[in-house]
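Worksheet: one structure, shown below.
The values are calculated or read from the model by the stated rules, or taken from the named source; none is laboratory data. Every value quoted in this text rests on a predicted model; they were computed, and no experiment measured them. With ideal geometry, Cβ positions are generated from the backbone for all residues, glycine too; neighbour counts draw on all protein chains shown.
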Amino acid sequence: MPDCPLADDCPSFSERIQGMGCQHYGDRGGAEWCGHYSMPIRDLKQQPVKPGEEVVVEVTDIHESGAGVGRTDDGFIVMVDGVLPDARALVKITQVKSSHALADEIERLPMDPEEEMEGEPKPEPTSSDDDEGPKRPTALGSRDNFWGS
């Protein structure tokens, strides 16, 4: 059995017998195959993310399945379940396909990367007015002010 071409980069590379190559490497239908990732080797070589990797994703759209659609820094598409658009999140890649990856959310991050780097949060400005009323005018058609009086 020849050596796996991903041996240097693969975190799950393991040999049963010294010098025999990775136990996950095989041949399926004439294509080099990785049994650990259940993917062809050629697809694993092309993808910028690997299963189990943690990356920061900016979610900008929503898929018809309800998953948030985002991109990594290098532009690869990642679909994250449970994250809605206009969000940044640290995600763990669960499955890599030829054109996109699926991931689970680990942590929600602030939209502005500079906010994340600053240690202490900025204090909120407090108003000197102690009005107990609403901060915005009551809209016409609301239950409290239906006729606009």
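Hey, can you tell me all the residues within the range 82-93 that are more than 14 Å from Thr72 (Cα to Cα) and surrounded by 13 or more Cβ atoms within 10 Å (Cβ to Cβ)?
Residue satisfying the conditions is Val83 alone.
State yes or no: is Val56 modelled with pLDDT of 95 or more, in contact with an Asp or Glu (Cβ under 8 Å, 6 or more places away or on another chain) and of a type in the set (A, V, I, L, M, F, W, C)? It would help to see each step written out before you state the result.
Numbers: modelled with pLDDT of 95 or more: no; in contact with an Asp or Glu (Cβ under 8 Å, 6 or more places away or on another chain): yes; of a type in the set (A, V, I, L, M, F, W, C): yes.
No.
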